[in-house]
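To start, the structure itself, in structure tokens.
No value in this document is a laboratory result; all are computed from the given coordinates. Bear in mind the structure is a predicted one, so any value in this text is a computation, not a measurement. Virtual Cβ from ideal backbone geometry, glycine too; neighbours counted across all protein chains shown.
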Amino acid sequence: MPAISKITVAKKNKGRFHIYVDRGQGDEYALTVSEDIFVKWSFSKGMELSEDDIVKIREEDVLDKAFQKTLNYLSYRMRSEKEVLQYMKDQEVGEEEARRLLDRLQDLNLLDDRAFAEAFVRTKKNTQKKGPLLIEQELYQKGISQKDIDHALKEYPEEEELENAIKTASKKQTSYKKEGNRQRKQKLLQFLMQRGFSNGIAKQAVDKCEAEIPEDFEWEGLVKQGEKAIKKFQKYEAWERDQRIKQYLYQRGFSGDSIEAWFSKMKEEGSLAEDE
């Protein structure tokens, strides 16, 4: 049976050891192992190793390498069980071996889907202001069970959801300052629901933001859109031009009263001349 004839420390990685055996023809390289495996097997010069032992140790070392890589993968942020399994699959770790590593990580409290879900909810609501419906969808995609999702979403009470929806809507509505009230509200509502806020919460947030909008907010947008419409349709005769401008402005969410008020002002200023 081969016996260990020499043990050396790897030059590029001090945490790994080269094992040599003597099969009757002097030192012959057999394998390289991590410090953990070295300690586990208590390698020493003169120790006998069967060929089956060598094969088994090599397999253990491959698995240990995968475990160390997975630990590094987990060091950047918390991961779900599904994410870790996919990572190990990408590292070409077999299904049975991956399960063994997964159990080991759970025993070390390094993998916990419920704790992951709770932390995920806190991060998404505090830093990205996402709504709970979108967060729930993202957790599901990460392989979290519905039971753990429901538990984690308790970290997101309704009053906080409304607060985040209002902040999100307030910030976003400036993007729609060229739109009429009706269209701006519709776009804001759609945007909030895409961000994962419920229909009821989204409506409350939009109403709250609308109440704080300056009185001249829509008028400024109407003036800008009106100027654009005049240039767009100036080639038409007065009656058709006016009808096209009104339709254009109405489609952008401006109210009929606001449009008529703007038209009267433009007529007075001579910006919309009548046909001779």
Once fully extended, how much extra length lies between residue 27 and residue 227, figured as 0.36 nm per residue of separation less the alpha-carbon to alpha-carbon distance? 63.0 nm
Helix axis angle, 113-127 relative to the chain longest principal axis, alpha carbon, degrees: 40 degrees
Just to confirm the number: angle between the C-alpha axis of helix 81-90 and the first principal axis of the chain, 0 to 90 degrees, nearest 10? 60 degrees
Label-point gap, in nm, between residue 52 and residue 240 - each point 7 angstrom along Cα→Cβ: 9.5 nm
Chymotrypsin sites (Phe, Trp or Tyr not before Pro) in region 69-112 lying in a DSSP loop, each with at most 15 other Cβ atoms within 10 Å of its Cβ, come to 76
The relative contact order of the chain, taking Cα pairs under 8 Å that sit 6 or more residues apart, comes to a percentage of 11 percent
Low-density loop cleavage sites - GluC sites (Glu not before Pro) in region 1-92, where at most 16 other Cβ are within 10 Å (DSSP): 92
Using only Cα atoms, tell me the angle between helix 217-233 and the longest principal axis of the chain; keep it within 0 to 90° and round to the nearest 10. 80 degrees
Placed amide H near residue 30: partners under 5 Å, 5+ positions off or other chain: 19, 20, 21
Which option, (i) 16.2; (ii) 24.1; (iii) 13.8, is the value of mean projected area of the Cα convex hull in nm² that was calculated from these coordinates? (ii)
What spacing in nm lies between the two simple spin-label points modelled at residue 158 and residue 36, each 7 Å away from Cα in the Cβ direction? 4.8 nm
Please enumerate, by chain and number, the aspartates and glutamates with C-alpha under 15 Å from the C-alpha of residue 187, excluding those fewer than 8 residues away in the same chain. 179, 207, 210, 218
About its Cα centre, what dipole magnitude does region 113-155 give when the only charges are +1 on Lys and Arg Cβ and -1 on Asp and Glu Cβ, stated in debye to the nearest 20? 200 debye
Using a 10 angstrom Cβ neighbour count of at most 14 plus a DSSP loop assignment to flag exposed trypsin sites (Lys or Arg not before Pro), which longest range of the chain is free of such sites? 78-176
Taking only C-alpha pairs under 8 Å that are 6+ residues apart, what is the relative contact order of region 218-269 in percent? 38 percent
For the table 6/69; 185/267; 125/224; 125/147; 129/208; 171/224, the rows whose alpha-carbon distance is greater than 24 Å are 6/69; 185/267; 125/224
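To the nearest 0.05, what FRET efficiency results for residue 126 and residue 194 with a Förster distance of 22 Å applied to their C-beta separation?
Numbers: r = 20 Å, r/R0 = 0.89.
It comes to 0.65.
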FRET efficiency, 1/(1 + (r/R0)^6) with R0 22 Å, evaluated for residue 264 and residue 174 via beta carbons: 0.20
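Taking 0.36 nm per residue of sequence separation and subtracting the Cα-Cα distance, how much length would be gained by fully extending the chain between residue 59 and residue 95, in nm to one decimal? Write down the numbers at each step before the final one.
Values: separation 36, 0.36 × 36 = 12.96 nm, distance 1.44 nm.
Contour length minus the Cα-Cα distance gives 11.5 nm.
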